Amino acid sequence: MGNLRRLFAAGVLGLSLAVAAQQQPTGIAPPPRAEAGSQRRRASLREALQLAAKQGPDVAAARAQAAVVGAGVQRAWTSWQPDLLVTGTYDHTSAPSIIPAGALGKDPVTGAPSPAVVLVAPNSRYGTFQITQPFLTPQGLFLPGIANASAQAADLGADESREQVLLSTARTYLGLQGVEGLLAAAREAEKVALRREHDARARIAAGTDVEIALLRAQTETAQARAQIANRQGQIDTLLPLLEALTGEAIQPEAARVVELTPAGEESAQPWENAYSVKTAIASTNAAQKSVRLAQFLWLPSVSGVARENYSSNGGFAEKHWTYDLIVNVSVPVYDSGQRYAQLNEDRARLSQAQAQLAVTRARARSSWLGARANLVSSAAVVQQTESQEQLANRAQVQVEASYRAGVSTSLDLSAADQTRFEAQSAVAQARAELEIRKAELAAAEGRLYDLSR
């Protein structure tokens, strides 16, 4: 009698669980996305790179810094340009200096007394117009070359900053495409899980299945929706970053094409084309020119001066306008040792630039080798994941058919669905990773900007 009661209670409990499972909602749907800002338009990867190179805030800041250094070229050429000076003076004195008339005797011809000579009048006016033209200076010989080399290094440094910004743009763009692929796989998993719920309810209503199948399908639906919410959050986080890099509210196109292609013919040392190496070479060249200037600071400086003078006081010459032609020669015999100290300092900076060039070359080579190895590895991963996706799709179809035939269990079907979802996610992630590796290799070879044009 006791056993019958326990069996009856178990049956009632199972029936109530089945009814509760059929009435239980399929999980909470993910909240709608809160799109911030204006509507984003879709843009290709090439267009995103062009926007970043043209109007990206970071690129503009790097260009402005290079322009500051480039202004030094014009300053260097001022060593050869003339110096024009105009001065004027008005002087009122309480002690004028005047030689009275007749004080210097009489004119031997006319016999008239000598006129008064005004040396300093009570109110005097003076004026000077002077032109100074350098003829020879060591700064004029060597500073323009130093300034040009420094400006070239600054321009290449701005190009390196632009390459890094473009690489960040490509990573963000392709990362968004990868996340959108994961989002599409999660939505597909949600559709499959909802279909499993519908089938489980139908089987339970027909009495051919138990509530565990429905509970498992509802669990998979909840997991898929959690994945959807997670992927949407990642997208909403990356979109503002892409906008900050490009200076425009855009979003990626659907991930379906390969837009970055590897180089067709590789040079012997492709890392030498990296802008970081080019910048280091230009900086070393500028340091060498600075050493050369310090070595020739013993050269004399020669300049010519043309001066026109005006004085309201005629003086003994009785001339108000006079001029002077002057040639100045300055020979630096010894300047307290500053010339030698400057030479030693410039040589030390040259050694530092050469060491930095060696370090930059080594890093560029290492980055290029790593980028190439990562590209080959990512291509192999894409092939493997695509093969796994095909196998997972075929296995899922076979398991579903077996489940409908009553051969497989709902647990087998759930495992096949999960394997297919993971395979789809792996393919989406691997394809995005492959494109990122291509962008990294292009940046390591200094041609990412060329690919965007």
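Quick one: what does P(r) look like for the range 208-253 with 10 Å bins over all Cα pairs, in whole %? The calculated distribution, bin by bin, is 24, 27, 20, 15, 10, 3. Annotation: Cα Rg of the chain relative to the compact-globule expectation 2.2 N^0.38 Å equals 1.89. Model label sites at Gln39 and Asp236, defined 7 Å from Cα along the beta-carbon direction, differ in position by 2.0 nm.
Over the range 290-389, the pair-distance histogram of Cα-Cα distances with 5 Å bins from zero comes to 2, 9, 8, 8, 7, 7, 7, 6, 7, 6, 6, 5, 4, 4, 3, 3, 3, 2, 1, 1, 1, 0 percent, rounded to whole numbers.
The eigenvalues of the Cα gyration tensor, multiplied by 5 and square-rooted, give the range 327-450 an equivalent ellipsoid with semi-axes of 68, 12, 10 Å from largest to smallest. Given their separation in residues at 0.36 nm each and the Cα-Cα distance between them, Ile131 and Asn393 gain 85.5 nm when the chain is fully extended. For the chain, relative contact order (Cα pairs under 8 Å, six or more residues apart, normalised by length) works out to 24 percent.
When the scattering of the range 32-179 is computed by the Debye formula from its Cα atoms alone, each counted once and equally, what is log10 I(q)/I(0) at q = 0.09, 0.12 Å⁻¹? So the normalised log intensities are -0.64, -0.81.
Could you compute the FRET efficiency for Thr93 and Asn328, with r as their C-beta to C-beta distance and R0 at 41 Å, rounded to 0.05?
Numbers: r = 32 Å, r/R0 = 0.77.
The calculated FRET efficiency here is 0.85.
State which helices in the chain qualify, where a helix is a whole DSSP H run, it must extend 18 Å or more along its own axis by its Cα atoms, and its mean Kyte-Doolittle hydropathy must be at least -1.0. Mind showing how you got there, number by number?
Numbers: long enough: 2-23 (32 Å, 0.80); 57-76 (30 Å, 0.47); 138-206 (101 Å, -0.10); 211-246 (52 Å, -0.02); 275-295 (30 Å, -0.10); 338-404 (94 Å, -0.67); 410-444 (50 Å, -0.16).
Passing helices, by number: 2-23, 57-76, 138-206, 211-246, 275-295, 338-404, 410-444.
Ranking Phe296, Gly207, Gln218 by Cα position along the charge dipole of the range 205-334, where only Lys, Arg, Asp and Glu carry charges on their C-beta atoms, puts Phe296 farthest toward the positive end. For the pair Gln269 and Ala380, a Förster radius of 22 Å applied to the C-beta separation gives a FRET efficiency near 0.30, rounded to the nearest 0.05.
Specify whether the C-alpha gyration tensor of the range 114-211 places it in the rounded, prolate or oblate class, a ≥ b ≥ c being the square roots of the eigenvalues: rounded for a/c under 1.5, otherwise prolate if a/b is larger than b/c and oblate if not. Numbers along the way, then the final one.
Details: a/c = 16.10, a/b = 4.33, b/c = 3.72.
Since a/c reaches 1.5 and a/b is larger than b/c, the shape of the range 114-211 is classed as prolate.
For Ala222 and Arg307 in one chain, what is 0.36 nm times their gap in residues minus the Cα-Cα distance, to one decimal in nm? Don't jump to the answer; show the numbers that get you there.
Values: separation 85, 0.36 × 85 = 30.60 nm, distance 9.26 nm.
Length gained between Ala222 and Arg307: 21.3 nm.
Pick out, from Leu375, Tyr323, Ala274, the residue whose Cα sits farthest towards the positive end of the charge dipole of the chain, with +1 on the Cβ of Lys and Arg and -1 on the Cβ of Asp and Glu. The residue sitting most towards the positive pole is Leu375. Over the range 387-453, what is the relative contact order in percent, taking alpha-carbon pairs closer than 8 angstrom and at least six residues apart? Result for the range 387-453 is 29 percent. Each label point was placed 7 Å from the Cα along the Cα-to-Cβ direction; for Ala341 and Ser79 their separation is 2.1 nm. Charged side chains reduced to their Cβ positions (Lys and Arg at +1, Asp and Glu at -1) give the chain a dipole of some 660 debye around its Cα centre.
Ordering Leu448, Pro108, Asn285 by Cα displacement along the dipole of the chain toward the positive end leaves Leu448 in first place; charges were set at the Cβ atoms of Lys, Arg (+1) and Asp, Glu (-1).
Read-outs: derived from the displayed coordinates by stated rules, not from any lab. Keep in mind the model is a prediction, meaning the values are calculated, not measured. Every residue, glycine among them, receives a Cβ derived from its backbone with ideal geometry; neighbour counts consider all protein chains shown.
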